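Below: one structure, written as structure tokens.
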Amino acid sequence: MNHPARFGRSNSDGTVDCLLCPQHCHIADGKRGVCGARANEKGVLDSLNYELVSAVALDPIEKKPLYHYYPGKMILSIGTVGCNLRCQFCQNHHLSRYYDDGEFLQLNRMTPAQVVSAVKDSDSVGVAYTYSEPSIWAEYVIDVSKLMRDAGLKNIWVTNGYIEKEPLEEILPLMDAANIDLKAFSDENYKSLGGRLQPVLDTIRRCHEYGTHIELTTLVIPDYNDNMVELESLVKWIASVDKSIPFHISRYFPHYHFEKPSTDVDLLGEVFNLAKEHLEYVYIGNVLADSNSYCPVCGNLLVKRMGFSTHVTGLKNEGGQTFCGQCGTAAKFIL
Ligand code: SF4
């Protein structure tokens, strides 16, 4: 059962244009766009994955990763299928490439009301739209998010940031927090994923300007984006937006069509040191490392993490603002 898609236009020759993401797919009757999840059905743009859920799990919020938003809480996580980029190293390719080569997967239907009920039945602060790319699930994400808001629950968006301004402006008021992938810092590297860099930078800046809590993630991949000059430009750009944005450096493991060995742990340490020169909160993920949060001014331990066990130790909350319990400096956490 398909669902009428928004953010597109029907043309007089029977084709449709999808304007949801910067791919701007021009789709002939009976064909699908790059993401596979939107199709031209007799001159009308349809969403094929509305209410289609590939995975549901109750996860620690740190797993999204979000380290500064309700640390230690659980979040009900849901995902669909399809993706508007084509990363050869995709860590979830059985979901992202479902429409190309994964149609053996069992998908379940969940109405927006059923998602809200599932969140209420769980020990969760809200729902995270994650696992595959939620931008291309926009109509469903918007419908669920509105019901979640009405129920006083939180919405979290885990995204590649490859979305156009108009749908983003509709999604942003509904999102409480987001983790956005910044996969590289060159157009050449984004082109190899079938995208462009600038729209992702625009999304990050728009989310920040709107006041949404954001954290950023870069998967460091050998011989793809591990050039220190490019990585320095990347962290400097983040600092130019806001040096207090939490930045997650994640270790790559071979997946899908990418067979390079896992990222060298020493290299991750070098990237961490580089990022710490410019940013206040930097973390290494997918590896056993110190993942605690420290006050960038006095070094006080703010949040202690061991695996996915999290304890808020050095923060105080006053009037909805969070401060370092030792030096009193404002700290970028939401508790
Ligand atoms: S959302 Fe899908 S169909 Fe629409 S422009 Fe992006 S890739 Fe193309």
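Annotations for the structure displayed:
- Of residues in segment 21-47 being aliphatic (A, V, I, L, M) and crowded, with 16+ Cβ neighbours inside 10 Å, the one nearest to the ligand (Cβ to nearest atom): VAL34
- Of all the residues in segment 144-171, those that are in contact with a Phe, Trp or Tyr (Cβ under 9 Å, 6 or more places away or on another chain), acidic (Asp, Glu) and away from the ligand (no atom under 11 Å from the Cβ) number 3.
- Segment 137-183 - residue that is small (Gly, Ala, Ser) and out of contact with any Leu (no Cβ under 7 Å at 6 or more places or on another chain) and, of those, nearest to ILE61 (Cα to Cα): ALA178
A quick yes/no check of all residues on (1) hydroxyl-bearing (Ser, Thr, Tyr); (2) modelled with pLDDT of 95 or more:
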{"residue": "ALA239", "(1), (2)": "no, yes"}
{"residue": "PHE253", "(1), (2)": "no, no"}
{"residue": "PHE272", "(1), (2)": "no, yes"}
{"residue": "SER293", "(1), (2)": "yes, yes"}
{"residue": "LYS304", "(1), (2)": "no, yes"}
{"residue": "GLY314", "(1), (2)": "no, yes"}
{"residue": "THR322", "(1), (2)": "yes, yes"}
{"residue": "PHE333", "(1), (2)": "no, yes"}
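- Pairs with Cβ under 7 Å, 6+ apart, first in segment 110-138 and over 16 Å from GLY79 (Cβ atoms), second part of a helix (DSSP H, G or I): ALA113/LEU147; VAL116/LEU147; VAL116/MET148
- Summed over segment 38-53, the residues that are touching a strand residue (DSSP E or B) at 6+ places or on another chain (Cβ under 7 Å), assigned to a loop (DSSP other than H, G, I, E, B) and closer than 18 Å to THR159 by Cβ give a count of 1.
- Qualifying strands (runs of 3 or more DSSP E) (wholly inside segment 54-143; at least 2 residues being surrounded by fewer than 24 Cβ atoms within 10 Å (Cβ to Cβ) and in contact with a Phe, Trp or Tyr (Cβ under 9 Å, 6 or more places away or on another chain)): 55-60, 74-79
- Unique residue being buried (at least 16 other Cβ atoms within 10 Å of the Cβ) and closer than 30 Å to HIS24 by Cβ when the list is ILE245, ILE284, ILE249: ILE245
- Test: residue in segment 11-20 that is within 15 Å of the ligand (Cβ to nearest atom) and among the charged types (D, E, K, R): yes
- Total residues in segment 254-269, condition of a type in the set (Ser, Thr, Tyr) and touching a helix residue (DSSP H, G or I) at 6+ places or on another chain (Cβ under 8 Å): 1
- Scanning segment 1-10 for residues that are modelled with pLDDT of 95 or more and not in a strand (DSSP E or B), we see that the one that is farthest from the ligand (Cβ to nearest atom) is ARG6.
- Number of positions in segment 42-64 that are more than 24 Å from PRO112 (Cα to Cα) and not small (Gly, Ala, Ser): 2
- Conditions (1) surrounded by 18 or more Cβ atoms within 10 Å (Cβ to Cβ); (2) within 16 Å of THR217 (Cβ to Cβ); number of the one not met by HIS255: (1)
- Selection of segment 313-335 for residues being loosely packed, with under 15 Cβ neighbours inside 10 Å, in contact with a strand residue (DSSP E or B) (Cβ under 7 Å, 6 or more places away or on another chain) and polar (S, T, N, Q) yields THR313, GLN321, THR329.
- Condition check for ASP202: buried (at least 16 other Cβ atoms within 10 Å of the Cβ), at pLDDT 95 or above, out of contact with any Lys or Arg (no Cβ under 9 Å at 6 or more places or on another chain) and part of a helix (DSSP H, G or I): no
The values are calculated or read from the model by the stated rules, or taken from the named source; none is laboratory data. Quick caveat: nothing in here was measured; it's all calculated off a predicted structure. In this analysis, Cβ positions are derived from the backbone assuming ideal geometry, glycine residues included, and neighbour counts consider all displayed protein chains.
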